[in-house]
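This report refers to the structure that appears directly beneath it.
Taken together, the values in this text are just the output of simple stated rules run on the coordinates, not laboratory data. Quick caveat, the model's predicted, so the values are computed rather than measured. Methodologically, a virtual Cβ is constructed for each residue, glycine included, from the backbone with ideal geometry; neighbour enumeration extends over all protein chains shown.
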Amino acid sequence: MPKHFWQASSDLLKLYLLHPATKILLWLICAVVAQKLQPLFLLVFSVALLVLLVGFRASKFLELLRRTRWILFSLLLIYSFATPGIYLFPQAGSASPTVEGLHAGALQIWRLIVLLAALALLLRTTDRESLLSGLYTLMKPLKPIGVNAERIAVRLWLTLRYAEMNRGNVTAKSWTERVRNSLEPGAEMTETLQLEVRPFIWIDWLALVLALGLSITVMA
């Protein structure tokens, strides 16, 4: 087919991609809704996320699970022993976890795993610059109350930039010092940060309205 056809198709595909700010808002909605979902709806939501994870090949999800495994395990222990209820091992008395605690802890871990899955999708479908662009777009309306969106975006970019430079060869102390020095007045910047700030289109508003509507229906 003619070259201009493929170019037009590519541009059309880019046009209908969700705005980075929309993806961030959808993740925030997911974070709120996941904490209110009961097991049945949580199962449906989990299956949908699993399909998306496989479809987008979001292997970041496994890495997020690995990094948070001890936090999730600690959360289960806290719920198991701090929640009143029927002892799982009555002969052990207060040294035993409770059935209600295990149930509550497992449910909370499930919800957090769902949140990690949604985060993995966000990171898989949004590169660093687009993510910063989305955050900038969301923070820009807060300028009247003193929020400097430009400064925050630059700080986030510097932090991410130096965290990725020479990974494995740069100590935590060295790269954090470099970020701190870069933020000092008069620090020389050898790189330029350019963010593509584009307006919301109809599909962004449609996605947000559908997400809010579905959330209200499920949580009602």
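Neighbour counts of other C-beta atoms within 10 Å: give me Asp127, Asp204 arranged from fewest to most. Walk me through the numbers on the way to the answer.
Values: Asp127 11, Asp204 20.
Ranked by crowding around the Cβ, least crowded first: Asp127, Asp204.
By how many nm would the segment from Ile216 to Glu63 grow when fully extended, if each residue of separation counts as 0.36 nm and the alpha-carbon distance is taken off? All intermediate terms of the calculation are to be shown ahead of the outcome.
Working: separation 153, 0.36 × 153 = 55.08 nm, distance 3.16 nm.
Extra length available between Ile216 and Glu63 comes to 51.9 nm.
For the pair Ile71 and Glu150, label points projected 7 Å from Cα toward Cβ lie 3.3 nm apart.
Between Trp27 and Ser96, what length comes free when the chain is fully extended (0.36 nm per residue of separation minus the Cα-Cα distance, one decimal in nm)? Walk me through the numbers before you get to the answer.
Values: separation 69, 0.36 × 69 = 24.84 nm, distance 3.68 nm.
Going from the current span to full extension adds 21.2 nm.
Put in order of Cβ neighbour count within 10 Å, fewest first, the listed residues Ile216, Ile113, Ile145 become Ile145, Ile216, Ile113.
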